[in-house]
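Input: a single structure, listed below in structure tokens.
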């Protein structure tokens, strides 16, 4: 789930930056400190937005810089168990597919792909169901449910997802399943003209 989180911090403005606008320098300082980090409470920090730097700063003994309070917002991604998300397949391996979900790649293990025996074709870079002939390759868009999430401080984390529930999987499969439920003919079926 994407969130906007508002925080307060103190930034250090070095003497070499004194002629520049406070918001501009503050934005650069906050980007270096926060963007790309992971926090257990707020999740993956994607971007710093909407900053307000106090024009009144403090000078600490032995440091020529000024220190200013700043209030700012962060765009974050916090994976939630049971959340349904969409993403793009970015890598295929013999054990599953990695799907880009927000700022992280989630693992869709072969056991969670579909109710079928899965084969891996290394040459073509696809995972295919033996009976259904449904395949997954790089670039495919998929809808999956988050079933495991482990994030910590730093820049790492792991997300496990499943597509073995109704109306999950490759978007084309979902469209076909919806048509089947509605009783609509699938592509290639129907009356000849």
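The values are calculated or read from the model by the stated rules, or taken from the named source; none is laboratory data. Keep in mind the model is a prediction, meaning the values are calculated, not measured. So basically every Cβ, Gly included, is an ideal-geometry build from the backbone, and we count neighbours across all protein chains shown.
A compact table of results
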item: Residue match in the stretch 60-78 (condition: without any contact (Cβ under 8 Å) to a residue 40 or more places away in the chain, over 22 Å from residue 35 (Cβ atoms), in the same structural domain as residue 146 (by TED's automatic domain parsing) and surrounded by fewer than 21 Cβ atoms within 10 Å (Cβ to Cβ)); result: no
item: Looking only at the stretch 18-44, and only at residues there that are within 21 Å of the chain's Cα centre (by Cα) and part of a loop (DSSP other than H, G, I, E, B), the one that is surrounded by the most Cβ atoms within 10 Å (Cβ to Cβ); result: 42
item: Residues located in the stretch 125-150, provided they are touching a residue at least 24 places away in the same chain (Cβ under 8 Å) and assigned to a loop (DSSP other than H, G, I, E, B); result: 125, 134, 138, 139, 140
item: Tally of residues being free of Cβ contacts under 8 Å to residues at least 60 places away in the same chain and assigned to a loop (DSSP other than H, G, I, E, B) across the stretch 92-124; result: 11
item: Test: residue 47 is touching a helix residue (DSSP H, G or I) at 6+ places or on another chain (Cβ under 9 Å), assigned to a strand (DSSP E or B) and within 25 Å of residue 159 (Cβ to Cβ); result: yes
item: Residue in the stretch 113-131 that is modelled with pLDDT of 90 or more, within 21 Å of the chain's Cα centre (by Cα) and surrounded by fewer than 20 Cβ atoms within 10 Å (Cβ to Cβ) present; result: no
item: For residue 87: the one exception among (1) closer than 30 Å to residue 130 by Cβ; (2) without any contact (Cβ under 8 Å) to a residue 24 or more places away in the chain; (3) assigned to a strand (DSSP E or B); result: (2)
item: Unique match (being more than 30 Å from residue 7 (Cα to Cα), under 15 Å from the mean Cα position of the chain (by Cα) and surrounded by 14 or more Cβ atoms within 10 Å (Cβ to Cβ)) among 85, 89; result: 89
item: Selection from the stretch 4-17 of residues that are surrounded by fewer than 13 Cβ atoms within 10 Å (Cβ to Cβ) and either in contact with a helix residue (DSSP H, G or I) (Cβ under 9 Å, 6 or more places away or on another chain) or within 18 Å of residue 101 (Cα to Cα) (or both); result: 4, 14
